[in-house]
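K.L.:
I have a structure here, written as structure tokens, and I will follow up with some questions on it.
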Amino acid sequence: MTPTWVRAAELAASVLFILALKGLSSPKSARRGNLLGALGATIATFVAFFYGETFFGGPIQHLPEILVAIIIGSIIGWIAAKRVQMTQMPQMVALFNGVGGGAAAVISVIEFLSAGNEETVAMLTATIFTVVVGSVSFTGSLLTFAKLQELMTSRPVVIPLGRFITIGVAVGTVVTAVALVMNPSNTLLWLLLGLSLTLGILLVLPVGGADVPIVISLLNAFTGLSVAASGYVLGNVLLIVAGTLVGASGTLLTRMMAQAMGRPLTNTLFGAFTAKATTATASAEDRPVKSASPDDVAIMLAYARKVIIVPGYGLAVAQAQNTIRELVELLVAKGIEVDYAIHPVAGRMPGHMNVLLAEANVPYDQLKEMDEINPEFPATDVALVVGANDVVNPAARDDKTAPIYGMPILNVDQAQQVVFLKRSMRPGFAGIENEVLFDPKTSLLFGDAKDSLTKVVSALKSL
Amino acid sequence: MDAIALLTIFVLSIFVGIEVVSKVSAILHTPLMSGANAIHGVVLVGAILVTGKATDNVQLYLGLTAIVLASINMVGGFVVTDRMLEMFKPKKTEKEEVSK
């Protein structure tokens, strides 16, 4: 038997994981929650070496190699997590998730190789489930990483007959999986592994820009489930609890994210199968826009009573969070009412913008959520949109044919004046034209967000 | 442990998992996803278990690969989540102290 103290330690780790998720759900306790989770994981890892006779048939084997592998992995993870910039965090989470899924798949492959023919049907099913889901999560996550890191286009990739190829591979995966349960063979296992890895790629390829974070969250839940299944295979209660907790909470979180974007989950996943590759409508260069100089913008802001800042991913890419905070401090000192309007999916992931602004010491109470701030736009003199586009695009509200139709937006078009700081006329992440840009009350200040803001700040100071 | 006992644990865990995150606010979606991601890094335990009873070199090397991958997931996940949450500290009190 596994020693009782080991099982008690597993219980403690399970409780710590539950407390971790609970803690992460509230801003006050979030950091402590994460540390509790880390403590639970440390305990779990420590006791894994003491499972005893029944499991290892003696003391654990290959101990030095195992310790070295843990140290190597920990160092890689530590350095990657410390080095990553906050703007690149979503793809980092995707990558970590992918390797977790990969680990679960590899574990099941080993289990199959070592005991394939002797397993019960239930065991085999769980093993094969882990191979499939873990592999899908692995390649799917690596692909989302590539998309967000802009190693490849972030637009939906629609391959000819893609839908049929994907369905074909999916059916092939299921058939192979069933065949494998009925008649275990190593050849079929390698075939299944190949099919599952391909399926992960095919499922994520047609997912476009703004939907990628939802897919990361879903793959996160997938990895959780594959971990739970590998727990069943190994008869390990802790893995079942931890994996299921992540699977269940991850699924709910995915739904909440999809809701925040106003998109049913099925649309996110399968929308691009039917969608045509979005081609830009009427070429943008032909239409007149009003551009403004930094001085114009400074004057507009200085004589406003109420200003709302709409920060987007472009702000963070330009590393302009500190500059915008400086601008806001100047305006507040002039007695102007200033708020930040935070769209739920501003940045690359839900809540990402809050993290990015918190990094620049922007006070928490100036950040207003969408539902709170939207009624205030009609009474706002200037809405200053910095590096955001899709989240203020009225097409989401008015144009039923737009790919983002239904996503709740910040109603900047209702403000008295709108100022966009943009690098170019290039459309946003979702690749759709924004009508507000051509509105007569809109001014555009082209250039790098940080440059532009610095100029506006110095213009304001000299007023 | 018998299958029904494991199934019981599985089903109850689903309910707990849904319950604990049901009231999370949108600003914490990203850290929560990242924290949950770190928790499934506990698959490291599974990787250690299968490697510890590996009987040939193929199993051993596959197992060591799984350990490296799982450790990256676990350690990286918790560290990056902590970095995110570090920024959510109440900033005001710090500033007041500085101005005093």
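Where a number appears in this text, it was derived from the coordinates with a stated rule and is not lab data. In this text the structure is predicted, and so the values were computed from the model without any measurement. Note that each Cβ is placed from the backbone with ideal geometry, even for glycine, and that neighbours are counted across all protein chains shown.
K.L.:
Rg and Dmax of region A:57-155 over Cα atoms: what are they, in angstrom?
P.N.:
Over region A:57-155's Cα set, Rg and Dmax evaluate to 16.9, 54 Å.
K.L.:
In addition: Could you compute the FRET efficiency for residue A:290 and residue A:152, with r as their C-beta to C-beta distance and R0 at 41 Å, rounded to 0.05?
P.N.:
0.70
K.L.:
Using only Cα atoms, figure out Rg for region A:4-274 and give it as a multiple of 2.2 N^0.38 Å.
P.N.:
Relative to the rule-of-thumb radius for its length, region A:4-274 sits at 1.04.
K.L.:
How large is the charge dipole for region A:4-274, taken about the Cα centre, if only the Cβ atoms of Lys, Arg (+1) and Asp, Glu (-1) carry charge, to the nearest 20 debye?
P.N.:
That gives a dipole near 1060 debye.
K.L.:
Given the alpha-carbon gyration tensor of region B:25-99, what are the semi-axes of its equivalent ellipsoid in whole angstrom, ordered largest first, with each equal to the square root of 5 times an eigenvalue?
P.N.:
39, 12, 7
K.L.:
When you look at the Cβ of every residue in A:218-230, what mean number of other chain Cβ atoms sits within 10 Å?
P.N.:
Counting Cβ atoms of other protein chains within 10 Å of each residue's Cβ and averaging gives 4.
K.L.:
Quick one: if the Förster radius is 22 Å, what FRET efficiency do residue A:46 and residue A:79 give, using the C-beta to C-beta distance and rounding to 0.05?
P.N.:
Here the calculated transfer efficiency is 0.45.
K.L.:
So what's the angle, to the nearest 10 degrees on a 0 to 90 scale, between helix B:43-52 and the longest Cα principal axis of chain B?
P.N.:
30 degrees
K.L.:
Going by C-beta contacts inside 10 Å, put A:62, B:40, A:343 in order with the fewest on the left.
P.N.:
A:62, A:343, B:40
K.L.:
Next up: Using only Cα atoms, figure out Rg for region A:349-450 and give it as a multiple of 2.2 N^0.38 Å.
P.N.:
1.08
K.L.:
Please compute the contact order of region A:290-383 in relative form: average sequence separation of alpha-carbon pairs under 8 Å and at least six residues apart, divided by the residue count, as a percent.
P.N.:
38 percent
K.L.:
Kyte-Doolittle cut-off 0.0, length cut-off 27 Å along the helix's own axis using Cα: show which whole DSSP H helices in chain A pass.
P.N.:
Within chain A the helices that satisfy the rule are A:4-24, A:63-83, A:89-115, A:121-148, A:162-182, A:186-204, A:212-234, A:237-260.
K.L.:
May I pose another question? Rg and Dmax in Å for chain A, alpha carbons only: what are they?
P.N.:
Spelled out, the Cα radius of gyration and Dmax of chain A are 25.4, 82 Å.
K.L.:
Additional query: How do B:25, A:108, A:230 rank when sorted from fewest to most other Cβ atoms within 10 Å of their own Cβ?
P.N.:
B:25, A:108, A:230
K.L.:
Would you order A:397, A:287, A:31 from fewest to most other beta-carbon atoms within 10 Å of each residue's own beta-carbon?
P.N.:
Placing the least packed residue first, the sequence is A:287, A:397, A:31.
K.L.:
Thinking of region A:290-461 as a set of Cα atoms, what percent of all their pairs are more than 22 Å apart?
P.N.:
Of the Cα pairs, 35 percent sit more than 22 Å apart.
K.L.:
Grab the beta carbon distance between residue A:8 and residue A:423, set R0 = 56 Å, and tell me the FRET efficiency rounded to 0.05.
P.N.:
0.45
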